[in-house]
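Below is one structure, written out as structure tokens, with a few remarks after it.
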Amino acid sequence: MKSFIPHYVKTVAAGQWREDYYSASLEPGFSSPVSNDMFGRDALRDSIWNWTVKSDLLPRPHKYVYSDLTMYFMQAVVERIVNQPMDEFLDQNFYAPLGLKTLTFKPYLKMPLENIAPTENDVAFRKRQVHGYVHDPGAAMYGGVAGHAGLFGTANDLAVMMQLMLNNGSYGDVNLFKPETVEAFTKRQSNISRRGWGWDKPEPENGKGGSASKFAPKSTFGHTGFTGTCVWADPENQLVYVFLSNRVYPAAENNKLLTEG
């Protein structure tokens, strides 16, 4: 699949979001929060699903690209299996048992805005400063809970999740994964990609790190985020690394984090 489809483009015209897709107030038919004082049509999630399913595939010969689109499908698979919205399932079965208070989707419902870092001043889509809502436009159109974006949290809570993985699925007296599950998801899965299942990995060649440091052991696993975030776990040295920044504030064009030296 393509690496990215700007679905929001279909819902804006003449530099403004279309009133047949969005409303400035919560009202019947428009109950999906996209940003402060902006609500999407209830059918918008179905529209994104339909646009994704019908999107053009990449041409052959195939090569690996990172795609958020596949995570829409994985979310649907999980929610079908557990018969529950993904955010509710995670709260009940992961975050609450681990005592994590800040790891959440839609944080504006659960904590003061001053406790949440603002993101981009969105001049292309939402026409406002995004604060407390997911930065990713597709995830915002999806209602703020998506398989690829929307999770907020503090460094401490993220470190607990990563330590859970380093501990092969347990943290304190809480056991959430089997060790063989952790091993399967955190190892490289393909000869055309460095990645595990969900997790990113260092490049397999010696002296190359990819998204991780070139000094990181090849067993290292983690993930990076568009807004300037990353988490990494190093099983060989029993290290957890969490980096939270605010690269897209006030504008997403700031790429200084990618500049070496």
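Odds and ends about this structure:
- Residues of segment 66-115 that turn out to be part of a helix (DSSP H, G or I), among the charged types (D, E, K, R) and under 18 Å from the mean Cα position of the chain (by Cα), as a count: 4
- Test: residue in segment 82-95 that is more than 30 Å from Gly169 (Cβ to Cβ), touching a residue at least 40 places away in the same chain (Cβ under 8 Å) and out of contact with any helix residue (DSSP H, G or I) (no Cβ under 7 Å at 6 or more places or on another chain): no
- Checklist (1) open to solvent by 60 Å² or more (accessible area, probe 1.4 Å); (2) under 29 Å from Gly210 (Cβ atoms); (3) without any contact (Cβ under 8 Å) to a residue 24 or more places away in the chain applied to Asp56, failing item: (3)
- Here Thr224, Thr181 are screened, and the one residue that is assigned to a strand (DSSP E or B) and free of Cβ contacts under 8 Å to residues at least 40 places away in the same chain is Thr224.
- Residues in segment 238-256 that are free of Cβ contacts under 8 Å to residues at least 60 places away in the same chain, exposed (fewer than 12 other Cβ atoms within 10 Å of the Cβ) and not charged (D, E, K, R): Asn255 alone.
- When each of Val248, Val160 is tested for being assigned to a helix (DSSP H, G or I) and of a type in the set (Val, Ile, Thr), the lone residue that passes is Val160.
- Just so you know, in segment 8-48 the residues that are among the small types (Gly, Ala, Ser), assigned to a loop (DSSP other than H, G, I, E, B) and touching a residue at least 12 places away in the same chain (Cβ under 8 Å) include one that is surrounded by the fewest Cβ atoms within 10 Å (Cβ to Cβ), and it is Ser25.
- Boolean, Gly144 is open to solvent by less than 20 Å² (accessible area, probe 1.4 Å) and in contact with a helix residue (DSSP H, G or I) (Cβ under 8 Å, 6 or more places away or on another chain): no
The values are calculated or read from the model by the stated rules, or taken from the named source; none is laboratory data. Since the model is a prediction, treat every value here as computed from it, not as a measurement. Neighbour counts run over all protein chains shown; Cβ positions are idealised from the backbone, glycine included. Note: areas computed on protein heavy atoms with side chains; ligands, DNA, RNA excluded. Shrake-Rupley method; radii C 1.70, N 1.55, O 1.52, S 1.80 Å.
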